[in-house]
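A short write-up of the structure that comes next.
The values are calculated or read from the model by the stated rules, or taken from the named source; none is laboratory data. Keep in mind it's a predicted model, so treat the numbers as computed, not measured. Here the Cβ positions follow ideal geometry from the backbone for every residue, glycine too, while neighbour counts run over all protein chains shown. These area figures cover heavy atoms from the full protein model, side chains too; ligands, DNA and RNA do not enter into them. Shrake-Rupley method; radii C 1.70, N 1.55, O 1.52, S 1.80 Å.
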Amino acid sequence: MTFADLGLSDELLRAIEDSGYTVPTPIQASAIPSILMMRDMIGVAQTGTGKTASFVLPMIDILAQGRSRARMPRSLILEPTRELAAQVAENFEKYGKYHKLSMALLIGGVSMTDQLAALEKGVDVLIATPGRLMDLFGRGKIMLNGCSLLVIDEADRMLDMGFIPDIEEICTKLPKQRQTLLFSATMPAPIKRLADKFLENPKMVEVARPATANVNIKQWVVSVSASKKKDRLRELLGAEDVKTAIIFCNRKTTVRELNKSLQRGRYRSSEIHGDMEQSQRIAELDRFKAGDVNILVASDVAARGLDIKGVSHVFNYDAPWHPDDYVHRIGRTGRAGATGVAFTFVTPDDAENIANIEKLTGQKIDRFASESGPVDSPADEDERAPRKSRRKPAAKAAAKPEPAAPAAAPTFDDDRLIDAHAERAQPAARPARAAPNSAPTATAKPMPPKAKPAPARTTAIDDGDDDGGWNGPLPDFLRAKIS
């Protein structure tokens, strides 16, 4: 099948050919004909499958007829983040080059004055994040009663970010007679309820089972102790053919610390996370795209929608807390038919997280073996010490037993209060006398003094999680006439 078989216009086919594409992906082949027939649709597809083009291409042909009016966009695309909105805008610019359609971005982090000026001229396509759209609607700066086509993209991500109430409110402001398209990588119950409420007899297009990881990605679980993660990462960076890699961490503090460590080791690395200013994020992401750095250390702010060609490896330095995040993290590699490799570092504390990921994806992730073997836990480090050195203390104790403590009044220190069992096992007065011709008992033996327990290890905790409000670059246009 080719794009010409899908019923697209000659102008659109020409733009697709200019972009270097000849064969549609499965989601495109299934979705485009139904959208051109003006049907509501639910598209379930994992990242990297060409989902964006599956609705952008037919929308361009649908909107080719008609005229835009001031402050009344003809179509609306809702995206959870600025970066995703910007990427959709880039798709319209690329594929709509032979159509005269107007477009505007309505997102946070850029001048509202420019966005309002674009809306005043009238736009065929409005790409917006729910928060900014609700803000302008509340101010009376935009009307939605002329919108005949709605796209809700990355619906499960919308759910994660708490946007579902905003989306429901937006849907009530749109005309009831409209075409609605909903796309999601997974279909949890709240998204199913949303679709049942606002879509009319939708066609279901599912090109992969929900939350199925990309088959083009070789996945590995790497068992490692928390204290050995950096060493293990350096081993894999050196052993694997790493061209470009994204390393995901759960916390912003970990992102910063790991990037500094890699830079000290002369790796060409950079970082993006939720504490950075927007201009900093754009600059670092552009450096990664340009090849100035080949390793990007990131928090989950970059997990979804980050479309960078040629990412050969993904490293989950921290196992993700949510199973869905795993699918989206590793989806940064193995895109558009390419192959990729994903490593997930797993400590003993991560066993439940990995079990949930394997349950969600329906597949067992291979365990990565190394010559040194997996490290199970920091507590096992003493057990890995040479056998000879471990026996030395015991031998000394046997050769020279501890002298009996002089009789004294019983004392009650903190350790004895904590360990009541030790208090009973070692009475302070009158040790039990062994019966004649009987085997010695534990209470009849002299007991060495109990060692004080080592202080508990503490782990620094990053108080703040990523805001998820941005995860990539913005195009250099806000109001673009596609020509």
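Overview of results
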read-out	value
Nonlocal amide H pairs with S225, under 5 Å, H built at 1.01 Å	V375
Potential lengthening between F137 and M204 on full extension [0.36 nm per residue; Cα-Cα distance subtracted]	21.0 nm
By accessible area with a 1.4 Å probe, ligands and nucleic acids excluded, highest first: order of R367, R39	R367, R39
Area of F345 that stays accessible when all protein chains are in place (1.4 Å probe, Å², to 10)	0 Å²
Sites matching trypsin sites (Lys or Arg not before Pro) across region 66-103 that sit in DSSP coil, with at most 13 neighbouring C-beta atoms within 10 Å	R67, K100
Probe 1.4 Å, all protein chains present, accessible-area order of Y326, Y98, Y21, largest first	Y21, Y98, Y326
Distance between region 324-339 and region 125-159 - C-alpha centres, whole angstrom	28 Å
Cleavage-rule hits, trypsin sites (Lys or Arg not before Pro), region 143-176, DSSP coil, Cβ neighbours within 10 Å at most 15	K176
Residues in region 107-128 reached by a label modelled at Q65 [backbone nitrogen below 19 Å; 7 Å Cα→Cβ]	124-125
For region 227-236, Karplus couplings with θ = phi - 60° (6.51, -1.76, 1.60), whole Hz, Gly/Pro x	6, 9, 4, 4, 4, 5, 4, 4, 4, 5
Region 165-241: GluC sites (Glu not before Pro) in DSSP coil with no more than 12 other Cβ atoms inside 10 Å	E200
5 angstrom amide H check on R69, placed H, neighbours 5+ away	V123
Accessible area of T25 in the full protein assembly, 1.4 Å probe (Å², nearest 10)	40 Å²
Cα gyration tensor, region 169-247 - rounded (a/c under 1.5), prolate or oblate	prolate
Pairs from K97/K203; K141/K197; K51/K309; K100/K309; K230/K252; K243/K289 whose Cα-Cα separation, in the structure shown, is over 21 Å	K97/K203; K141/K197; K100/K309
Under 5 Å, built H, 5+ apart or other chain: amide partners of I247	L296, V297, A298, F315
In sequence order, calculated HN-Hα J values of region 144-157 (Karplus, 6.51, -1.76, 1.60; Hz; x Gly/Pro)	10, 6, x, 8, 9, 9, 10, 10, 9, 9, 6, 4, 5, 5
Electrostatic dipole magnitude of region 240-324 [Cβ: Lys, Arg +1; Asp, Glu -1; Cα centre; debye, to 20]	260 debye
Under 10 Å, Cβ to Cβ, from I217 - net charge with Lys/Arg +1 and Asp/Glu -1	+3
Charge dipole magnitude, Cβ of K and R +1, D and E -1 - region 155-306, Cα centre, debye nearest 20	340 debye
